[in-house]
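Participant: My questions all concern the structure below.
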């Protein structure tokens with residue numbers, strides 16, 4: 001992950017299947033990898049206090065062995081310290097074992113990081129204590145004030161797994177019975193009908209219930225974006241950055257499987273996942289298509305009643321679920337991706353019929369990716385305006401998601417991934433975009 005910037009969830013799933021790991025070992029593997037990624041900033045600070053060489057000058061394997069050992073020493077209470085050290089030394093290559101042993105033994109004696117040991121500089125202090133890169137801490141403190149600390153704390157908690165019931169594969173009570181049998185701790189989503197939050201879900205996710213299509217994995221925030229789109233039976237919907245297809249599948253469900261959903265993506269791997277999801281879930285009105293969202297108008301000009309743009313972004317709203325993102329992203333990624341989002345939005349806008357709806361969403365709250373881009377788009381396109389008439393789903397208790405015409409979900413406020421989404425309507429009778 002550190003060398004190639006691979007996604008943790010994809011890589012871990014592939015390795016666990018290849019090794020045919022028992023559920024208990026798979027759970028430990030996941031905990032160790034995700035735990036190190038979440039706590040890397042704190043662990044690295046500790047290692048720098050006891051080591052005799054900078055971390056960046058160490059061999060990558062040695063550096064990660066030390067991180068794994070340190071994580072077990074201070075964050076995994078069921079592994080005895082001697083076992084954490086011995087296993088790390090056993091895994092070290094010849095010539096590095098003595099060094100790994102010396103560092104971890106010293107670390108075990110000095111104990112975990114104490115708050116009084118933290119640096120005085122506020123940005124560095126929170127960066128070390130909450131294990132986020134300094135540039136991101138500085139940015140969030142400036143934008144959010146004290147709420148930035150709450151956000152970082154939420155990012156370091158293990159989030160629940162979100163799933164959504166598939167009515168095409170059985171009754172909802174049958175799914176809930178399967179949840180009870182699996183031993184998972186689960187609760188109904190407070191925000192999304194027929195969605196669930198699961199903990200200790202490993203047995204369910206490997207039990208075959210998902211393979212039988214009774215549910216698909218989807219965070220509540222992503223589902224809320226589709227609720228904002230509010231697709232209706234019989235309509236034509238275009239999802240221009242469909243990814244694995246979860247939002248397209250939910251759109252089809254909300255349409256009572258009447259109409260058509262074109263699910264566009266440029267990535268061959270995403271299209272394979274889309275085809276598999278369509279087969280497994282039985283969603284016949286979803287049609288995966290290969291294509292670049294920036295050029296969607298060439299095929300779908302004024303075709304769609306509703307267009308969903310869940311644009312590629314920094315993903316900084318999903319740091320809790322994908323902890324590697326905090327270490328992979330750099331400040332320059334934000335303007336670079338904002339430019340891509342702008343181009344995708346331009347291409348998708350031309351696909352909306354007069355009177356139709358466009359929803360733009362990113363799993364990030366960075367201003368360049370969220371409100372600023374939409375403001376520029378509306379200024380350029382007089383035929384599009386914010387649609388203040390939000391669907392009924394967002395009235396009542398769910399109105400807490402609404403902020404200045406946009407929908408915002410936050411890990412520390414709602415217990416979901418962080419999303420920004422806005423709904424636009426194209427003026428009836430407008431010409432070509």
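Participant: Looking at the stretch 334-356, can you tell me whether even one residue there is in contact (Cβ under 8 Å) with a residue 24 or more places away in the chain, touching a strand residue (DSSP E or B) at 6+ places or on another chain (Cβ under 6 Å), assigned to a loop (DSSP other than H, G, I, E, B) and farther than 18 Å from residue 301 by Cβ?
Facilitator: No, there is no match, as no residue in the stretch 334-356 is in contact (Cβ under 8 Å) with a residue 24 or more places away in the chain, touching a strand residue (DSSP E or B) at 6+ places or on another chain (Cβ under 6 Å), assigned to a loop (DSSP other than H, G, I, E, B) and farther than 18 Å from residue 301 by Cβ.
Participant: Looking for something touching a strand residue (DSSP E or B) at 6+ places or on another chain (Cβ under 8 Å), surrounded by 22 or more Cβ atoms within 10 Å (Cβ to Cβ) and not in a helix (DSSP H, G or I) - is there at least one such residue anywhere in the stretch 397-405?
Facilitator: The answer is no, given that none of the residues of the stretch 397-405 is touching a strand residue (DSSP E or B) at 6+ places or on another chain (Cβ under 8 Å), surrounded by 22 or more Cβ atoms within 10 Å (Cβ to Cβ) and not in a helix (DSSP H, G or I).
Participant: Ok, one more. Of the conditions (1) at pLDDT below 95; (2) farther than 19 Å from residue 212 by Cβ, residue 277 fails just one. Which one is it?
Facilitator: Residue 277 satisfies every listed condition except (2).
Participant: Any idea how many residues of the stretch 124-146 are surrounded by fewer than 17 Cβ atoms within 10 Å (Cβ to Cβ), more than 23 Å from residue 73 (Cα to Cα) and free of Cβ contacts under 8 Å to residues at least 40 places away in the same chain?
Facilitator: Result for the stretch 124-146: 6.
Participant: Among the residues of the stretch 19-72, write down those that are touching a helix residue (DSSP H, G or I) at 6+ places or on another chain (Cβ under 7 Å), over 18 Å from residue 102 (Cα atoms) and not in a helix (DSSP H, G or I).
Facilitator: 21
The rows are residues; the columns are (1) in contact (Cβ under 8 Å) with a residue 24 or more places away in the chain; (2) crowded, with 23+ Cβ neighbours inside 10 Å; (3) part of a loop (DSSP other than H, G, I, E, B); (4) touching a helix residue (DSSP H, G or I) at 6+ places or on another chain (Cβ under 8 Å).
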{"position": "388", "(1), (2), (3), (4)": "no, no, yes, no"}
{"position": "408", "(1), (2), (3), (4)": "yes, no, no, yes"}
{"position": "417", "(1), (2), (3), (4)": "yes, yes, yes, yes"}
{"position": "428", "(1), (2), (3), (4)": "yes, no, yes, no"}
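Participant: Among the listed residues 44, 86, identify the single one that is outside the structural domain of residue 320 (by TED's automatic domain parsing) and loosely packed, with under 15 Cβ neighbours inside 10 Å.
Facilitator: Selected residue: 86, the only one of 44, 86 that is outside the structural domain of residue 320 (by TED's automatic domain parsing) and loosely packed, with under 15 Cβ neighbours inside 10 Å.
Participant: While we're here: Quick test for you: out of 242, 184, 251, pick the one residue that is outside the structural domain of residue 319 (by TED's automatic domain parsing) and within 29 Å of residue 319 (Cβ to Cβ).
Facilitator: 184
The values are calculated or read from the model by the stated rules, or taken from the named source; none is laboratory data. From a predicted model like this one, the values you see are computed outputs, not experimental measurements. Neighbour counts are summed over all protein chains in view; Cβ atoms, including those assigned to glycine, are modelled from backbone coordinates with ideal geometry.
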